[in-house]
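Student: Handing you a structure now.
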Amino acid sequence: MKRTFTVISIILLSIQFLYSQDYGDLPKIKKERLLNDLDLLYQGLDKFHTGMYWYTPKDSVDFAFEMAKREIDSDLNILEFHKIIAPLVALSREDHTNIYLPKSVSEKLRSEASFLPMTVVFLGKQLYCVKNGSDLENIDFEGKIIESINGETTNEIVEKIGNLFASDGFIKSVKYSDLEGFNFSKYYFYFYGQISQFEIKFKDAEEILVLKSQTIETINKNFKSRYKGRTDDKEKDLLEFKFLNDSTAYLGIHSFSNSDIKEESKENNLKTFLRNSFKLIKKRNIQTLIIDVSENEGGTEGNEGILYSYLGENYQKYLKVKAKTQKCILDNGVDKPIKLKTFGLLERVFANKKMKDKSYVRKQWIGYGLMAYKKEPEYKFKGKIYVIISPETYSGGSEFSNMMFTNDLATFVGQETAGGYFGNTSGYSQELILPNSQIEISIPALQFVMNVKPNLPFGSGVKPHYEVIPTFEQYLNGENASLNYILEQLENKN
């Protein structure tokens with residue numbers, strides 16, 4: 001009953017201001033055509049998304065779709081429709097499930113719409129202004145904490161606009177971290193529509209600051225003139241290894257993507273990099289290893305297991321890897337039917353077993369299988385381990401964290417991971433383009449249920465033993481606050 005009430009609240013919240021909002025001169029789409037798109041969206045999530053009902057019961061999802069159907073009682077433009085269906089997609093509670101506006105609409109907004117003129121970052125639940133893109137250039141409010149916008153606290157705003165995109169399970173930290181940069185302004189626009197001005201209340205400021213909304217072109221022009229020589233990109237290799245002192249080493253694994261590593265890292269190959277790093281660790285008799293996956297959003301399946309193989313004993317990593325179906329047909333009886341497909345022939349036949357309900361479950365085989373890793377490495381590490389995590393630790397980065405946490409192999413420092421502790425639904429995502437609105441939904445096919453001890457709440461990520469939230473100065477300077485904490489607060493005491 002509580003979850004059903006939550007679903008009702010999400011949908012009501014999203015449609016609360018729908019008909020009083022200004023989204024510009026976007027054309028209206030016929031009500032009947034939008035209802036046809038809604039039908040296809042439901043079928044896609046229901047038939048193809050294996051983990052759709054992992055966190056949200058089917059009756060709650062059905063009720064939410066029925067409410068959305070009632071709200072589409074007239075012709076709507078695409079942003080009005082997006083505001084209704086985005087929370088439905090988010091009910092998957094799976095961050096691999098994404099919704100995208102058509103490119104033509106995004107380009108129109110970029111050239112014509114006006115937004116809150118700043119970039120921001122949430123550090124914990126406090127919202128900081130990072131860059132000022134407004135027409136007020138003589139007022140310094142960069143680095144100031146924003147308490148409210150147009151009379152609403154920033155936490156109240158996140159509760160609303162955070163329903164427009166999914167996160168794994170019930171992890172709240174992602175709703176804040178994903179709004180970094182210009183994303184806050186963008187999602188504020190998606191929820192509230194075009195607003196002429198913003199009344200900003202900064203912490204410790206007596207007066208309200210009024211900012212006029214600006215186009216992206218104007219905002220970027222102001223950024224360029226005011227922040228010459230300043231870059232938001234923290235230059236670092238995707239694979240880092242260094243000795244911090246005679247007994248401590250740092251291993252920064254910022255991606256598990258083979259393609260990204262090959263293109264962007266001087267190391268070129270993760271397997272070779274890890275072998276060489278752990279060989280040096282053994283040679284130098286390193287006693288403490290700090291592994292940083294705080295920016296690791298995953299990548300190539302199996303790479304998280306290769307890293308784990310140097311640290312832990314092999315075991316069955318997954319309780320189950322399941323696909324709801326090999327293929328399904330979405331048909332609303334009006335538009336051209338859409339086919340969504342999961343596996344290729346070889347994987348379907350050799351790697352999976354077809355069940356009576358026509359789902360497929362992965363077998364233990366020569367490929368990825370169900371175990372933590374396939375090959376025992378030569379240089380195992382047996383010393384003290386710290387793992388740095390954050391709300392950017394996701395997918396394969398989270399799976400590595402899950403394995404380390406459930407097997408009690410490390411002390412975790414930082415913030416809760418973005419990926420679910422009990423697993424995720426990802427892999428073989430299919431793109432569903434709704435034919436009438438042209439909104440695109442990315443629907444993942446494989447549910448990875450991890451073999452973990454139930455020592456964290458269902459729907460949470462890995463929670464750190466020591467929570468560390470960077471200061472604004474640390475964030476701006478690109479400092480690794482969690483690494484500093486380990487070296488200064490934890491290792492110094494030993």
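Student: Report the FRET efficiency, 1/(1 + (r/R0)^6), for D22 and E206, where r is their Cβ-Cβ distance and R0 is 25 Å, rounded to 0.05.
Tutor: Numbers: r = 31 Å, r/R0 = 1.25.
Efficiency at R0 = 25 Å is approximately 0.20.
Student: Write down the radius of gyration of segment 206-364 and its Dmax, each obtained from C-alpha positions, in Å.
Tutor: 24.2, 70
Student: With the Cα gyration tensor of segment 340-460 giving a ≥ b ≥ c as the square roots of its eigenvalues, does the rule (a/c under 1.5 for rounded; else a/b larger than b/c for prolate; else oblate) give rounded, prolate or oblate?
Tutor: On the way: a/c = 2.34, a/b = 1.41, b/c = 1.66.
Cα axes put segment 340-460 in the oblate bin.
Student: Shifting gears a bit: What net charge do the residues around L109 carry, taking every other residue with its C-beta under 13 Å from that of L109, with Lys and Arg at +1 and Asp and Glu at -1?
Tutor: Values: positive: K103, K108, R110, K186; negative: D22, D25, E107, E112, E217.
For residues surrounding L109, the net value is -1.
Student: Here's something else I'd like to know. What is the fewest-to-most order of E304, E491, E207 by other Cβ atoms lying within 10 Å of their Cβ? Intermediate values should be presented prior to the final figure.
Tutor: Values: E304 28, E491 17, E207 7.
Starting with the residue having the fewest Cβ neighbours, the order is E207, E491, E304.
Student: Could you work out the helix-only [θ] at 222 nm for the chain, with each DSSP H run of four or more residues adding -39,500 (n - 2.57) and the total divided by the number of residues, to the nearest 500 deg cm²/dmol? Working shown, then result.
Tutor: Details: 15 runs with 153 residues, N = 494.
Computed mean residue ellipticity for the chain: -9000 deg cm²/dmol.
Student: Please express the shape of segment 239-493 as an equivalent ellipsoid: the semi-axes are the square roots of 5 times the eigenvalues of the C-alpha gyration tensor, given largest first in whole angstrom.
Tutor: 36, 21, 17
Student: Kirkwood Rh, the chain, all Cα pairs: how many Å? Intermediate values should be presented prior to the final figure.
Tutor: Numbers: mean 1/r = 0.0411 Å⁻¹.
It works out to 24.3 Å.
Student: Right, another one. For segment 290-406, state what percent of all Cα-Cα pairs lands in each successive 5 Å bin, counting from 0 Å until the bin that includes the largest distance.
Tutor: The distribution over segment 290-406 is 2, 10, 17, 17, 16, 13, 10, 7, 5, 2, 1, 1, 0, given as percents.
Student: Sticking with this one: Restricting everything to alpha-carbon atoms, can you work out Rg to Rh for segment 183-256 with a Kirkwood hydrodynamic radius? All intermediate terms of the calculation are to be shown ahead of the outcome.
Tutor: Details: Rg = 20.4 Å, Rh = 17.0 Å.
Ratio of gyration radius to Kirkwood radius: 1.20.
Student: First select every other residue whose beta carbon is under 13 angstrom from the beta carbon of I72; then total the charges, Lys and Arg +1, Asp and Glu -1.
Tutor: Values: positive: K28, K30, K31, R33, K69, R70, K83; negative: E32, D37, D39, E66, E71, D73, D75, E80.
Neighbourhood net charge equals -1.
Student: Additional query: Each label point is 7 Å from the Cα along the Cα-to-Cβ direction; what then is the distance between the points at E264 and E240, in nm?
Tutor: 1.4
Student: Which shape class applies to segment 365-406: rounded if a/c is under 1.5, otherwise prolate when a/b exceeds b/c and oblate if not, where a ≥ b ≥ c are the square roots of the Cα gyration tensor eigenvalues?
Tutor: On the way: a/c = 2.75, a/b = 1.22, b/c = 2.26.
Oblate is the answer for segment 365-406, as a/c is 1.5 or above yet b/c matches or exceeds a/b.
Student: Charges only on Cβ, +1 for Lys and Arg, -1 for Asp and Glu: so what's the dipole of the chain about the Cα centre, in debye to the nearest 20? The partial results should precede the final answer.
Tutor: Working: 64 positive and 66 negative charges, 472 e Å.
Here the size comes out at about 2260 debye.
Student: Which of the helices in the chain, when you take each full DSSP H run, stretch at least 30 Å along the axis at their Cα atoms and have an average Kyte-Doolittle score of -1.0 or higher?
Tutor: Working: long enough: none.
What comes out of the filter, once short or polar helices are dropped, is none.
Student: Here's another thing I want to ask about it. Between R275 and R70, what FRET efficiency comes out of the Förster formula 1/(1 + (r/R0)^6) with R0 = 60 Å and r the beta carbon distance, rounded to 0.05? Don't jump to the answer; show the numbers that get you there.
Tutor: Values: r = 59 Å, r/R0 = 0.99.
Given R0 = 60 Å and the Cβ-Cβ separation, E is 0.50.
Student: Which of N183, G124, I200 sits farthest toward the positive end of the charge dipole of segment 113-226, with +1 on the Cβ of Lys and Arg and -1 on the Cβ of Asp and Glu?
Tutor: N183
Student: Further question on the same structure: Per residue and in cubic angstrom, what volume does the convex hull of the Cα atoms of segment 113-226 have?
Tutor: Numbers: hull volume 10.9 nm³, N = 114.
Once divided by residue count, the hull of segment 113-226 is 96 Å³.
Values in this text are rule-based calculations from the coordinates and carry no lab data. Remember, predicted model here, so these are calculated numbers, not experimental data. Every residue, glycine as well, gets a Cβ built from its backbone with ideal geometry; the counts of neighbours run over all protein chains shown.
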